[in-house]
Amino acid sequence: MSDPTEAADAAWQDAGAADLALSALQCRSVGTARVLVVRDGAGSYFAVSPECSHAALPLEGGRVRGSAILCPHHGARFDLRTGRHLGPPAWTGIASWPVRVVADRVEVLL
């Protein structure tokens with residue numbers, strides 16, 4: 001019989017070193033997906049879709065404000081915890097995934 005802890009851990013995927021500066025973000029490969037890994041000003045990590053839902057432009061280069069990210073192109077805002085849109089011009093949210101830090105590595109549950 002397999003250990004249920006191992007099965008649960010198998011779904012978490014490595015997203016690279018937990019080395020982002022406060023309020024920084026970086027697009028990273030996680031398995032076969034591209035994910036925007038974000039660290040807010042309090043030091044918490046998040047993982048969201050790398051594209052804005054408004055115009056499908058990259059969110060990389062956006063600004064982190066509290067637990068939100070602002071699109072660098074048109075200013076749409078998204079909640080980093082849920083992906084929910086917080087302001088126009090976006091009217092739909094973006095994907096978000098659970099994140100944990102283990103042994104100085106960011107892991108994302110895709």
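The values are calculated or read from the model by the stated rules, or taken from the named source; none is laboratory data. Since the structure is predicted, the reported quantities are computational estimates derived from the model, not experimental observations. No Cβ is skipped: glycine too gets one built from the backbone with ideal geometry, and neighbour counts run over all protein chains shown. Surface areas here come from the heavy atoms of the whole protein model, side chains and all, with no ligands, DNA or RNA. Shrake-Rupley method; radii C 1.70, N 1.55, O 1.52, S 1.80 Å.
Tabulated data for the structure shown
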read-out: Residues of region 18-70 that turn out to be at positive phi and without any contact (Cβ under 8 Å) to a residue 40 or more places away in the chain, as a count; value: 4
read-out: Residues (assigned to a loop (DSSP other than H, G, I, E, B), within 23 Å of Gly16 (Cβ to Cβ) and open to solvent by 40 Å² or more (accessible area, probe 1.4 Å)) located in region 58-93; value: Glu60, Gly61, Pro72, Arg81, Thr82
read-out: Pair list, Cβ under 8 Å, 6 or more apart: region 90-108 residue closer than 22 Å to Arg77 by Cβ, other residue open to solvent by 70 Å² or more (accessible area, probe 1.4 Å) and among the acidic types (Asp, Glu); value: Ile94/Glu51
read-out: Region 1-55: number of residues that are at pLDDT below 95, open to solvent by 50 Å² or more (accessible area, probe 1.4 Å) and among the aliphatic types (A, V, I, L, M); value: 4
read-out: Matching residues in region 94-110 - criterion: being outside any strand (DSSP E or B), open to solvent by 60 Å² or more (accessible area, probe 1.4 Å) and closer than 16 Å to Val48 by Cβ; value: Pro98, Leu110
